[in-house]
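The values are calculated or read from the model by the stated rules, or taken from the named source; none is laboratory data. Fair warning: this is a prediction, and the values are worked out from it, not measured in the lab. Reconstructed Cβ throughout: ideal geometry from the backbone, glycine too, with neighbour counts over all protein chains shown.
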Amino acid sequence: MKRKLDYKNLFMLIIIVVIGILLLTMRTRISEAIISGLSVCGNVLIPSLFPFMMLSSFAVKSVVFGSITRVSAPFMKKIFSLPAECFPCLFFGFTGGYPVGASMVSQLYESGKITRNDALHLLSFCVNAGPAFVVTAVGEMILGSETAGVIILASVCLASVITGLLFALFKRKTDREYKITSEKCSLSQSLAQAVSSSSGSIVSVCAWVLAFSAISAVISSFIKNETAQLLYSAFSEITTGVASAAEFGGIPLVSAAVSFGGICVMCQLIPAIKKCGVKVCEYLAYRIVNAVLSFFTAKIILLFVPVSVNVFAEIEAQPWSYTAVSSAILLIMCAVLIFDISAGQNKSLRIYDITG
């Protein structure tokens, strides 16, 4: 046992030394990659993801969605075998972008509203790319066709729904009776907790983007085969790999890559996945299932709606995650918050109730 442990430590020491040498010899390339990653974080990820993260967290921690969850209870239970509290996660998971769905699942699990099996079920189909990224960035900007973006979005969403239904079909039944909880929490407390948790999540996302930018800069320099380079680019970092996927396999492969999300996105979601007690290999297995289903779903759709696309090498893909739709959703939630505060004021709301 001691020898095995020594060999393991020696192996890790060799890896650390090799990485250190690579960092020194390729410092210019790595520095440029990290600067590019910082630009993506500051100009795109934080402005587009943080509001949705905060909004979704607020929806989970407050009782604003209480009425909607009660109405959706029969639908969630009969169709997906999930408690009603999961409806906001389902909604934001299909509209907010990759990290939002996983973040909401971890918050539901930590609050005790769902079990580990429920969390795995949600993670299998509620972690998806936002419509803005798929239709606008992938469809219009990279493939030069809005119709192609719509087809990719439809295939990704259909694949996720099919995965969720299959999981529900074979889901192990439990004796737990789901009850819609109505924890009393002031709006100020819900907002403060939402901002705090969302800040931690966005920092984790940005840290992984920077780390993966440096790692990809090193790995890509050793890949000489063009086909291998295209496949690595397609499935490693989705925002820059869509063009490679389109060049190598057309719309079906782009759909598979978008559904898979990329290794970088998976690394961003690891903290949320582990909080739910779910193994990364389990999540990876369902991402692969989603990717395969998206590939064949896109092929079937293309039989009825043929689309020709153009991939321009000079176009640089940018990860968009916001449109008029997401802005409208944000405004609606703000209106709900204002009306809720107004209702509280009509009931002689006191100052210390506002401050929590």
Cβ pairs under 8 Å, 6+ apart, first in segment 49-63 and within 13 Å of THR95 (Cβ to Cβ), second assigned to a helix (DSSP H, G or I) and at pLDDT below 70: PRO51/LEU330; PHE52/SER326; PHE52/LEU330; LEU55/ILE329; LEU55/LEU330; LEU55/MET333; ALA59/MET333
Considering residues of segment 217-240 that are touching a residue at least 40 places away in the same chain (Cβ under 8 Å) and small (Gly, Ala, Ser) only, the residue surrounded by the fewest Cβ atoms within 10 Å (Cβ to Cβ): SER221
Options ILE151, ILE180; residue that is modelled with pLDDT of 80 or more and either outside any helix (DSSP H, G or I) or touching a helix residue (DSSP H, G or I) at 6+ places or on another chain (Cβ under 7 Å) (or both): ILE151
Pairs with Cβ under 9 Å, 6+ apart, first in segment 111-130 and farther than 19 Å from MET266 by Cα, second assigned to a helix (DSSP H, G or I) and polar (S, T, N, Q): LYS113/GLN107
Neighbours by Cβ (under 8 Å, 6+ apart or cross-chain): first from segment 278-293, over 15 Å from ALA129 (Cα atoms); second exposed (fewer than 14 other Cβ atoms within 10 Å of the Cβ): VAL278/ARG116; VAL280/LYS274
In segment 80-101, the residues that are at pLDDT 85 or above and touching a Pro at 6+ places or on another chain (Cβ under 9 Å): PHE94
Qualifying residue in segment 259-273 (condition: within 17 Å of VAL156 (Cα to Cα), buried (at least 24 other Cβ atoms within 10 Å of the Cβ) and among the hydroxyl-bearing types (Ser, Thr, Tyr)): yes
